[in-house]
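Student: Handing you a structure now.
The values are calculated or read from the model by the stated rules, or taken from the named source; none is laboratory data. As the structure is a prediction and not an experimental result, all values here were calculated from the model. Counting neighbours? That spans all protein chains shown, and the Cβs are built from the backbone with ideal geometry, glycine included.
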Amino acid sequence: MPEGAAVAAFVPVAFLLVLTPGATTAVVVRHALDGGHRAGAATAVGAAFGNSTQAAAAAGGLALLLQRAPALLGAVQVAGACYLAWLGLRSLAHARRAHARPIAAPAGAAAAHRSSLTDGFVVTLLNPSTLTFYLVIVPGFIRPPGGLGAFGLLAVIHVAMAFSCHLAWALALDRVRGAFSRPGARQALDVAAGLALIALAAQMVWTP
């Protein structure tokens, strides 16, 4: 797959994944609700550092993998598709439970910006889904002779998209809080994301 085609195939996958609410999104929401858009933005910056650290760590392992067993790229591609399908099924399962709990609640006093940045960094760094994304899904879009350069490009795209998404949550939370607190809207978002992820998993397997 040419590099441009790999990027074109990767962008919608990364876009859907960064839009799917997770642990980092929950922390951004909490700090934005507690301390306003500045606290939320600081959390987004911390999360970007966490993603960058995970990507750098995964890049070292990826280089070793490609050097010792380049034939494993096919297996990595299948594993990435399976992981995407699992995320889609989990999103559909979450939609069934969405009515049982609110998306977020105000936490009280505003947190310090340094604490917000630290929380964003630590939660993202310790998130196993983020490391799995860099170790499993990203390599699935790399074709020989791609290597660290191709991995770095896709990682930069993901970090930038994730940061933009988290910053958007921080800046626009007050405007969208009411809409996303309704169970019906949250369920529709989960269902749409789940179906799209499963479709992308199938496309990833069938792409030569």
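Student: Modelled with pLDDT under 80 and either in contact with a strand residue (DSSP E or B) (Cβ under 9 Å, 6 or more places away or on another chain) or not basic (K, R) (or both), is that true of T124? Walk me through how you get there before you give the answer.
Tutor: Working: modelled with pLDDT under 80: no; either in contact with a strand residue (DSSP E or B) (Cβ under 9 Å, 6 or more places away or on another chain) or not basic (K, R) (or both): yes.
Considered against the rule, which asks whether it is modelled with pLDDT under 80 and either in contact with a strand residue (DSSP E or B) (Cβ under 9 Å, 6 or more places away or on another chain) or not basic (K, R) (or both), T124 comes out as no.
Matching residues to (1) at pLDDT 80 or above; (2) surrounded by fewer than 16 Cβ atoms within 10 Å (Cβ to Cβ); (3) assigned to a helix (DSSP H, G or I); (4) touching a Cys at 6+ places or on another chain (Cβ under 6 Å):
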{"site": "V45", "(1), (2), (3), (4)": "yes, no, yes, no"}
{"site": "L73", "(1), (2), (3), (4)": "no, no, yes, no"}
{"site": "Q77", "(1), (2), (3), (4)": "no, no, yes, no"}
{"site": "I103", "(1), (2), (3), (4)": "no, no, no, no"}
{"site": "G108", "(1), (2), (3), (4)": "no, yes, no, no"}
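Student: Take the residues in the range 155-208 that are in contact with a Ser or Thr (Cβ under 7 Å, 6 or more places away or on another chain) and either exposed (fewer than 15 other Cβ atoms within 10 Å of the Cβ) or at pLDDT below 75 (or both); name whichever of them is farthest from C82 (Cα to Cα).
Tutor: D190
Student: Looking at the structure I just gave you, is A93 small (G, A, S), surrounded by fewer than 19 Cβ atoms within 10 Å (Cβ to Cβ) and at pLDDT 85 or above?
Tutor: Values: small (G, A, S): yes; surrounded by fewer than 19 Cβ atoms within 10 Å (Cβ to Cβ): yes; at pLDDT 85 or above: yes.
So A93 fits the description; yes.
Student: Would the range 24-34 turn up any residue that is crowded, with 20+ Cβ neighbours inside 10 Å, farther than 13 Å from S164 by Cβ and at pLDDT 90 or above?
Tutor: no
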